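Below you'll find the structure, written out as structure tokens, and then a few comments.
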Amino acid sequence: MSGEPLSYLEAAGPAARPLTQLAWGLGAVSLVVVAVIAIALAAAIWRQRSTPADARALEFVGGSGEGLRWIYVGLAISVPVLAVCTVWVLMVLGQVLHPARPTALTLQVTAHQWWWEVRYLSPSGGEAFTTANEIHIPAGAPVRVELTSPDVIHSFWVPKLAGKMDVIPGAKNVTWIQAASPGRYRGQCAEFCGLQHARMAFFVIADAPADFSVWRARQLASPTAPVDANAAAGAGVFANHCASCHTVAGTPSGGLVGPDLSHLAGRTTLAAGMIPNDPRHLSDWIADPQAIKPGALMPRTLLTSTERAQVVAYLQTLN
Amino acid sequence: MADVLVPDAPLPVAPVGRLASGWYGMVFLIATEAALFVYLLFSYFYLASQSPGAWPPTGAPDLLIASLNTAVLLASSLAAWWGQRGMEKGARGQLITGLIVALGLGAIFVGVQVHEWMGKSFTPATDAYGSLFFTITGLHIVHVVIGLLILACLAFWASMGRFTAARHVHLTVGILYWHFVDVVWLVVFTALFLTPRLGFG
Amino acid sequence: MADTTFRSDAPPVDPKLASLWETKPGFFGWLSSVDHKEIGKRYLVTAFLFLLIGGLEALVMRAQLARPDQALLTPAQYNQLFTMHGVTMVFLYALPMLSGFSNYLWPLLLGSRDMAFPRLNAFSYWVYLAAGVFIYSTFLIGQAPNAGWFNYVPLAGKEYDPGVNIDVYALGLIFLGISTTVGAINFIVSLMRTRAPGMSVNRMPILVWGTLTASVANLFAIPALSAACLLLWLDRQFGMHFYDPVGGGQPLLWQHLFWVFGHPWVYALVLPAMGIVSDALPTFCRRPLVGYTAVALATVATMVVGFGVWVHHMFATGLPGLALSFFGAASMVIAIPSAVSVFAWIGTIWTGRPVFKTPFYYFAGFILLFVIGGVSGFMTAAVPLDWQLTDTYFIVAHLHYVLLGINVFPVIGGLYYWFPKFTGRMADERLGKLGFWVSFVGFNLAFLPMHLTGLRGMPRRIYTYPAHMGWDLSNLLISIGAVVLAVGILITIYNFVVSLRRGAPAGPNPWDAATLEWAVASPPPAYNFRRIPIIASRHPLWEDRLDHVDARSVIDSDIVLDEGRETIATSVLDAEADSILRMPGDSLAPLMLSLALLVLFFALLWSGWWLAGAAGLLCVLITAVWLAPTANPVMTEEVARG
């Protein structure tokens, strides 16, 4: 990935590429217009300027010159350009409104203050599963994304893969994304949604189709009971302190308030793409989420440092 | 040139009739108020069109009393108009009678409307329909009350002899507002009471 | 016959008229003044103060955003700051500033002694001030509006924003709407009634066209905002369900109502400012405006189309493709009337003989900024591209080019242009040009890189951002540019303050301009015109020097009208005199009514229903006293001729 993860001046899929071409094309037209007008303006100013020495400048008044020609010629040039651009825009609109071929995979993305819940529907009778903040898709295939929100309006945006689609409570908006090749694409909530709107990122990870199948299979697997004593103790702490909000599939923990933590260890970031998922950051996050992401809906948990270490050890086993 | 633009004959001193700035002011006030009701009715039809269930949820509101009440309000407008016509002929008694009748009928309208509200099975907080119904009819009632206050002022000023056959711009302007309140009700009545019976709700 | 040559002296003071029209000295006189020039100046000063407050808010935000991952501000503080910045600039600065110009200038431009409703004019100002105080009342206790200037629900609903923040927003904007509405009615009726004989519609200055268009639009746009805010307040206060999907409401209802208001409003913020340029630029080009009729029609056309494009703020809300195509194409069409104006201005400069005074710098700079803001608007009108651009810093850049470029630059240019008329003194040219260059460079340094930041995906309304997103350098530049711009504005203020005392005396017409306001003394007497002028062309003060104009206006005609506060009323299109208007005198009623309304709105804010009822009753009483008919009116009158 380049150093500009949210830039849409480079596209990585067919839903975004025509938009990027449009950005460059209309951008170029705009620059030409600005340049032409700037030159015309400068020329107009310097052409017959009155010098400061010209004491009579203010007394001179010219009649109606040939100025109207500017309007006629200006419109004669700009209106056709505008018309051509409009037609191009409408063609692109038709091009990206729907994918070229039917989508094989449907994701239900639920935008929460301030994280993303992602549900993978069963392809055909297979099992569905839920994850959060990191969306794996198979590269090269269009993916249908159904968007809902239980709280406020958000906007689902992966600039390199597609334009924005608002996520509106009470409605189900649908968009589609497709990555031409494997890679990791940053996404971000794009509609102001409250205190931590700035920190509501996510990632779309496009895997080669075989890798995607492996990933998918792993998500469907139940966790193995932790062997390490520390982690086993952590499972208990988790059940007592965390399970009312968080789910770990295959265990009794089934809270629905916060992100689903099944297979958390397989994710690369925490707190909606904000901090790396390693034991130290995980521990800091559990200790005091408000210090890292003020206003986040996860409260400070009253764990001893031992308990915290145990929970971290347990979560590390969920891969 | 100047002769055409400024006649030599004496000019009337406004405010008289449609030369009065106040008359124009009221016309534009009515325009912006009408727009307010248009947006509220837009909200009504927008939410109706987005509603998954029946609209209105409790069935179309009863027509009988509302229709009679509409007639009462129309009659009130008529009375005000009759009174105003009297003043234009110099008959102050007719004006005051007309205004008092208009006031009385307007007050009856408000009373009946409030009585209708009491009988509703829903409240403004029940659902979107309840919110819309009470807000739109409520805002109209607010306008009726303002109209009644205007009529009361006009009756008071009339009794003090402030209007003459030639000069009564307050009357023209105030009664124009009263007619507007009346017309708004016809539109509200059509939207809230009649359209649900047309089958596209 | 009037003397209309350059450097003419102002007509002599008429003591009888002065005693009729002048406001009584003293504090209560000041409070009760209904002089449109006094009210206009109050608007200008108050709106400028709001510009400075909004600017300070911006500077604090730019400090926070100068580097990634800074924590100068908490997210809660940042959200209130950006919301108040937007609310201040869009509602409390931009339109009131233009109302200030128009209030001061309209009667002077149209050849009248006052607006149609002088007391309503005072009321409109006091309500504006009261609404400004109301909207800022909870800022210092940390409970200012915090859901953005377009305040989307459900984030602005009670469930997600339980404090008083949004109630202030909803009630405050309804309150302010009263001011804007009565102001708009006043402008429209003034236009229809209080023009000098002969000031037919095809001779009105473009500023008048701009303000007229904005006023008519406001009459139909403001109710959408008032309705939206009323429904929001009812949702929050009484648990209604207009916007709440669980109760059958729709969050998108807010967006439709808001943008049906919002888009015409944006044009209301720029059309009068474009009018300032169309009227003042020709003075410095030493020729009449090219394409007067085309520019006047373009002004009206922009607004007409402007009512049909609100959905372009909602392209990403999941609307069907057909609607997107329609509103996208309609938005493209708006470029055409804008292009007409741009080419008219360039044509005016091209065929004119530019004189490099400070106002000219601002107007010429404005043309360039207008075009940059215009083409970025054209890019956002492209529906699929807008799905990328919207809610990024590209939009922030675009709207600042539009609102600063098309509003603030003409406004400062206009302040320089009419400073001699307002104060009787010339502003300093050297400081003026310095202020322009610093502002112009600072502005472009702040907002040009912002386009690129947006194209690189920086979302708007984020209180901080991670490093390594490609935004670090441009954000630093933006913050530096903001400071430079602020310095430019400070130089301008310094210039005004110093010139107010030490500027060279201006005389009635220092720029040798063509329009009526320059025919009277600087500053003008309370009654404006000693005699009612009779107008024969668009350029009353240039007629003897324009070869295509045969007509001669009469500035100091024989129409005296000094039996009371009087001016003449004329017919709507051709401006033929049809009656004499008796204008009301100074009054405290407008101020009293505004104060009663302020109490009413505070009572509503804090749910003090009894107090609200009492204040409402007081409003009714004051209004009744205010509007009561006089006992012995005059019926007809000879036009007193000198």
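What is the one condition in (1) at pLDDT 95 or above; (2) in a helix (DSSP H, G or I); (3) touching a helix residue (DSSP H, G or I) at 6+ places or on another chain (Cβ under 8 Å) that B:His170 does not satisfy?
Every listed condition holds for B:His170 apart from (1).
Need the failing condition index for A:Val311 against (1) closer than 30 Å to A:Gln188 by Cβ; (2) part of a loop (DSSP other than H, G, I, E, B), just the number.
(2)
Select from the stretch B:86-103 the residues that are of a type outside the set (A, V, I, L, M, F, W, C) and in contact (Cβ under 8 Å) with a residue 12 or more places away in the chain and list them in ascending order.
Answer for the stretch B:86-103, where residues must be of a type outside the set (A, V, I, L, M, F, W, C) and in contact (Cβ under 8 Å) with a residue 12 or more places away in the chain: B:Gly86, B:Glu88, B:Lys89, B:Gly90, B:Arg92, B:Gln94, B:Thr97, B:Gly98.
Answer yes or no: is there a residue in the stretch B:114-127 that is at the interface with chain C (Cβ under 10 Å from one of its Cβ atoms), closer than 27 Å to B:Phe45 by Cβ, part of a helix (DSSP H, G or I) and among the aromatic types (Phe, Trp, Tyr).
Looking through the stretch B:114-127, none of the residues is at the interface with chain C (Cβ under 10 Å from one of its Cβ atoms), closer than 27 Å to B:Phe45 by Cβ, part of a helix (DSSP H, G or I) and among the aromatic types (Phe, Trp, Tyr).
For C:Phe220, all conditions in the list (1) aromatic (Phe, Trp, Tyr); (2) free of Cβ contacts under 8 Å to residues at least 60 places away in the same chain; (3) away from chain A (no Cβ under 14 Å) hold save one; what is the number of the exception?
(2)
Please pick out the residue among A:Trp70, A:Trp88, A:Trp115 that is modelled with pLDDT of 95 or more and within 13 Å of chain C (Cβ to nearest Cβ).
Numbers: A:Trp70 fails: modelled with pLDDT of 95 or more; A:Trp115 fails: within 13 Å of chain C (Cβ to nearest Cβ).
Going through A:Trp70, A:Trp88, A:Trp115 in turn, the sole match is A:Trp88.
Identify the residue in the stretch A:88-104 that is of a type in the set (A, V, I, L, M) and more than 21 Å from A:Ala171 (Cα to Cα) and, among all such residues, is nearest to the chain's Cα centre (by Cα).
A:Val96
A quick yes/no check of all residues on (1) buried (at least 22 other Cβ atoms within 10 Å of the Cβ); (2) assigned to a loop (DSSP other than H, G, I, E, B); (3) free of Cβ contacts under 8 Å to residues at least 12 places away in the same chain:
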residue	(1), (2), (3)
C:Ala144	yes, yes, no
C:Lys158	no, yes, no
C:Ile174	no, no, no
C:Gly177	yes, no, no
C:Leu191	yes, no, no
C:Ala196	yes, yes, no
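Which residues, taken from the stretch A:103-125, are touching a residue at least 40 places away in the same chain (Cβ under 8 Å) and surrounded by fewer than 18 Cβ atoms within 10 Å (Cβ to Cβ)?
Matches in the stretch A:103-125: A:Thr103, A:Thr106, A:Gln108.
Okay, residues lined up against (1) of a type in the set (Ser, Thr, Tyr); (2) more than 14 Å from chain C (Cβ to nearest Cβ); (3) assigned to a helix (DSSP H, G or I):
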site	(1), (2), (3)
A:Ala190	no, no, no
A:Ala206	no, yes, no
A:Ala217	no, yes, yes
A:Val227	no, yes, no
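If you check C:Thr380 against the conditions, is it under 21 Å from C:Gly308 (Cα atoms), at the interface with chain A (Cβ under 7 Å from one of its Cβ atoms) and of a type outside the set (A, V, I, L, M)?
no
Do we have any residue at all in the stretch C:470-483 that's closer than 24 Å to A:Glu59 by Cβ and either assigned to a helix (DSSP H, G or I) or of a type in the set (Ser, Thr, Tyr) (or both)?
Taking every residue of the stretch C:470-483 in turn, none turns out to be closer than 24 Å to A:Glu59 by Cβ and either assigned to a helix (DSSP H, G or I) or of a type in the set (Ser, Thr, Tyr) (or both).
Could you count how many residues in the stretch C:563-608 are within 14 Å of chain B (Cβ to nearest Cβ), charged (D, E, K, R), closer than 26 Å to C:Leu20 by Cα and touching a residue at least 60 places away in the same chain (Cβ under 8 Å)? Outline the logic, then answer.
Step one: filter the stretch C:563-608 for residues within 14 Å of chain B (Cβ to nearest Cβ), giving C:563-584, C:600, C:604.
Next cut, charged (D, E, K, R) only: C:563, C:565-566, C:574, C:576, C:578, C:582.
Still in the list and also closer than 26 Å to C:Leu20 by Cα: C:563, C:565-566, C:576, C:578, C:582.
Those still in the list that are touching a residue at least 60 places away in the same chain (Cβ under 8 Å) too: C:563, C:565-566, C:576.
So the count comes out to 4.
Applying the selection to the stretch A:1-34, what residues are among the aromatic types (Phe, Trp, Tyr) and surrounded by fewer than 18 Cβ atoms within 10 Å (Cβ to Cβ)?
A:Trp24
Among the residues of the stretch C:115-162, write down those that are of a type in the set (Gly, Ala, Ser) and either modelled with pLDDT of 95 or more or closer than 30 Å to C:Met583 by Cβ (or both).
Within the stretch C:115-162, C:Ala116, C:Ala122, C:Ser124, C:Ala130, C:Ala131, C:Gly132, C:Ser137, C:Ala144, C:Ala147, C:Gly148, C:Ala156, C:Gly157 qualify.
Residues C:Phe496, C:Phe440, C:Phe529: which one is of a type in the set (Phe, Trp, Tyr), part of a helix (DSSP H, G or I), farther than 25 Å from C:Val295 by Cβ and under 29 Å from the mean Cα position of the chain (by Cα)?
Values: C:Phe440 fails: farther than 25 Å from C:Val295 by Cβ; C:Phe529 fails: part of a helix (DSSP H, G or I).
On inspection, the qualifying residue turns out to be C:Phe496.
Please determine whether any residue of the stretch A:289-302 is free of Cβ contacts under 8 Å to residues at least 60 places away in the same chain, surrounded by 17 or more Cβ atoms within 10 Å (Cβ to Cβ) and within 14 Å of another protein chain (Cβ to nearest Cβ).
yes
Filtering the stretch C:168-201 down to residues that are over 19 Å from the mean Cα position of the chain (by Cα) and over 27 Å from B:Pro15 (Cα atoms), which residue is farthest from the other protein chains (Cβ to nearest Cβ)?
Checking each candidate, the answer is C:Val168.
Identify all residues within the stretch C:102-122 that are buried (at least 24 other Cβ atoms within 10 Å of the Cβ), part of a helix (DSSP H, G or I) and out of contact with any Ser or Thr (no Cβ under 8 Å at 6 or more places or on another chain); write none if there are none.
Matches in the stretch C:102-122: C:Asn103, C:Tyr104, C:Leu105, C:Pro118, C:Asn121.
Taking A:Ser149 and the conditions (1) closer than 30 Å to C:Ala147 by Cα; (2) out of contact with any Phe, Trp or Tyr (no Cβ under 8 Å at 6 or more places or on another chain); (3) within 8 Å of chain C (Cβ to nearest Cβ), which numbered condition does it fall short on, given that it satisfies the others?
Evaluating A:Ser149 over (1) closer than 30 Å to C:Ala147 by Cα; (2) out of contact with any Phe, Trp or Tyr (no Cβ under 8 Å at 6 or more places or on another chain); (3) within 8 Å of chain C (Cβ to nearest Cβ) leaves (3) as the failure.
Could you grab me the full set of residues in the stretch C:243-252 that are out of contact with any Gly (no Cβ under 7 Å at 6 or more places or on another chain) and without any contact (Cβ under 8 Å) to a residue 12 or more places away in the chain?
As a first pass, look at the stretch C:243-252 and keep what is out of contact with any Gly (no Cβ under 7 Å at 6 or more places or on another chain): C:246-249, C:252.
Listed by number, the residues that qualify are C:Val246, C:Gly247, C:Gly248.
Return a yes/no flag: does the stretch C:69-76 have any residue that is away from chain B (no Cβ under 14 Å), out of contact with any Leu (no Cβ under 9 Å at 6 or more places or on another chain) and of a type in the set (Asp, Glu).
Yes, that holds for at least one residue.
Tally up the residues in the stretch C:246-286 that are within 14 Å of chain A (Cβ to nearest Cβ), of a type outside the set (Phe, Trp, Tyr), under 24 Å from C:Gly157 (Cα atoms) and part of a helix (DSSP H, G or I), please.
Going through the stretch C:246-286 one residue at a time, the tally reaches 7.
Taking B:Leu40 as the residue in question, decide whether it is facing chain C (nearest Cβ under 7 Å) and of a type in the set (A, V, I, L, M).
For B:Leu40, the condition - facing chain C (nearest Cβ under 7 Å) and of a type in the set (A, V, I, L, M) - is met.
Consider the stretch A:245-288. How many of its residues are within 14 Å of chain C (Cβ to nearest Cβ) and touching a Cys at 6+ places or on another chain (Cβ under 9 Å)?
Number satisfying all stated conditions: 1.
Would you check if C:Tyr243 is part of a helix (DSSP H, G or I), among the hydroxyl-bearing types (Ser, Thr, Tyr) and more than 8 Å from every other protein chain (Cβ to nearest Cβ)?
Criteria not met by C:Tyr243.
May I ask you to verify whether B:Gly161 is modelled with pLDDT of 95 or more and of a type outside the set (Ser, Thr, Tyr)?
no
The values are calculated or read from the model by the stated rules, or taken from the named source; none is laboratory data. Just so it is clear, the structure is predicted and the values come from calculations on it, not from any experiment. FYI the Cβ positions are ideal-geometry reconstructions off the backbone, even for glycines, and counts take in every protein chain you see.
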